[in-house]
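The values are calculated or read from the model by the stated rules, or taken from the named source; none is laboratory data. Since we're looking at a predicted model, the values are computed, not measured. Cβ placement follows ideal geometry from the backbone for every residue including glycine, while neighbour counts extend to all protein chains displayed.
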């Protein structure tokens, strides 16, 4: 449970010269040139990767164990019903990352994964409670384990954290591991679950995990892998990829110098005073009522696409986020403004791991740069008794501005 330090690592390296046979005791088999650097410590500077540890590690492992328990052992849910819900659920803005149906062979295999990539698993986990919430009782101990794991992931993936949140993370990880060992005594704790123990200390030293996780590197590699499939020519493939990457980077830099990173979709230019929106809404953000303003059907900002009916986070009040549903998009003077209908956040449903919301008649305008979070979200409905309400699921835990 104790992290290595520079002194302990140096001692393990020196031990190699005395007793190299017992290197397996410390796990250090040879010295590294990086350890000779004066201001760099290998054990203290190595950062964890929450993408592989969580999304492709313990999250898939525990979801698989939970589904095996609830489907095969306790028979509370049938696999066919679960797969039907996975296929019919409306994922909204996460539709491109929607998970695939799960096969019985996958559940019964010895593999520790569900066969999803990181983005699919993240999407599946966020909406998992909405998918099975009406079929599994809130007192079901195995679902409590998933709830704690989702709370851990909400903190790990947050771009902004407070010091107190890291200590809360320690308590959640401790409770999670104890409950996992109690519920699944025959299943071993995998190394990626053990790595979670050290995440709070690493976050305090290095900052939020999303600043150094592998998701961005994988995204960068995706274009190169897709290019390989397109050209279907593997003679000196490294040169071909390098040339394509250089050309793409050149185009990106030229586009960045000429304009902002806003891709505006098709639309019409209208006078704001002719729209069925109170003039005070436009005046609030400085848009003239009698000057033409471009109203696009969508905008794509830094790769994120915003359309009408998307949900954005306007503020965080009393530990509850304030959501707004986009009714209209205005583009003027290279600034993007959203006219939104405010939603009333009724409560946070811990069983569904989602915020229950209802519509209001209040309209307001907000500039893109004033949003609390840049992720476009959607409203969702559950199944069974949860079909009568609308819910919003956040990507991670938000801090009040």
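Observations on the structure shown:
- Per the conditions (1) in a loop (DSSP other than H, G, I, E, B); (2) modelled with pLDDT under 90, the sole criterion not satisfied by residue 90 is (2).
- Residue in segment 265-275 that is assigned to a loop (DSSP other than H, G, I, E, B) and more than 32 Å from the chain's Cα centre (by Cα) present: yes
- Looking at 182, 202, 192, just one residue is assigned to a helix (DSSP H, G or I) and either over 21 Å from the mean Cα position of the chain (by Cα) or not assigned by TED's automatic domain parsing to the domain that holds residue 66 (or both), and that residue is 182.
- Under the condition of being outside any loop (DSSP other than H, G, I, E, B) and within 19 Å of residue 394 (Cβ to Cβ), the residues counted in segment 308-331 number 14.
- All of (1) over 24 Å from the mean Cα position of the chain (by Cα); (2) closer than 30 Å to residue 138 by Cα; (3) crowded, with 18+ Cβ neighbours inside 10 Å hold for residue 358 with one exception: (3).
- Which listed residue, of 344, 353, is touching a residue at least 12 places away in the same chain (Cβ under 8 Å), surrounded by fewer than 16 Cβ atoms within 10 Å (Cβ to Cβ) and not assigned by TED's automatic domain parsing to the domain that holds residue 140: 344
- The set of residues from segment 343-363 being in a strand (DSSP E or B) and either at pLDDT 95 or above or within 28 Å of residue 144 (Cα to Cα) (or both) comprises 343, 344, 345, 346, 347, 348, 349, 354, 355, 356, 357, 358.
- Residue within segment 128-138 that is in contact (Cβ under 8 Å) with a residue 40 or more places away in the chain, touching a helix residue (DSSP H, G or I) at 6+ places or on another chain (Cβ under 6 Å) and closer than 24 Å to residue 197 by Cβ present: no
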